[in-house]
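Every number here is computed from the coordinates shown, using simple stated rules; none is lab data. Only a predicted model underlies this, so the values are computations on that prediction, with no experimental measurement involved. For neighbour counting, all protein chains shown are included, and Cβ atoms are generated from backbone atoms with ideal geometry for every residue, glycine included.
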Amino acid sequence: MDLPERLGKYPVSGVLGKGAMGVVYRAFDPVIRRPVAIKTIRRELIEDDDKAEMLAGRFRKEAQAAGALNHPGIVSVYEYGETDEYAYIAMECVEGNSLREYFARGARFDERDAVSIIAQLLDALEYAHNHSVWHRDIKPANIIIMGNGRIKLTDFGIARIDSVDRTHTNMLMGTPGYIAPEYYLGQPTDHRADIFSAGVVFYHLLTGASPF
């Protein structure tokens, strides 16, 4: 895979990860002089049809939602931008592994570590909820554990912001096994859906298996 030389003002140096919508690159902010992660989506995916427009909306919403939050347990978003080929979000570059990676390796957490992780997650969620942002996709893949044991919550791509929710009610958003029952039933939801999902993560931390 060819690396773009730069995205906006950010020189690109490597790949941090790949997803269905695009690639996350390692890059550098030449003004502030700090490493950044650049999450991208290819522009052809967001210019073709209604589904592409929905993906673009989710991508911009992630930048808007996370960019409004300033908390040590939430990955900081610095900038949303577009080039001829990509739309991108420049964000804090976090050194660590997702909780999903730990689970995939069969890692088990003792009670103290499990409580520490969930307490940090709930603290980050309380902050987001107090700023009228609901994450709505709490799952192990979106929880990064750093080397010092601190966590970072990432990926606000389907967040609900302020008092208007533009997500279609007939569209299932989130990750099966972690989303609240109200989503499956098409009922109204609020910030408590994040608490339900955090409870599922806590169960997995304590038992080594997902309840659903």
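Annotations for the structure displayed:
- Straight-distance crosslink candidates among lysines, where the alpha carbon sits under 26 Å from LYS139 and sequence neighbours closer than 8 are dropped: LYS18, LYS39, LYS51, LYS61, LYS152
- Each peptide among 85-92, 203-210, 73-80 gets the average number of other Cβ atoms lying within 10 Å of its residues, and from highest to lowest they stand as 85-92, 73-80, 203-210.
- Residues whose amide H comes within less than 5 Å of that of LEU16, counting only those at least five positions distant or on another chain, are VAL24, TYR25, ARG26 (H built at 1.01 Å from N in the peptide plane).
- Order by protection proxy (mean Cβ within 10 Å, highest first), peptides 184-192, 120-128: 120-128, 184-192
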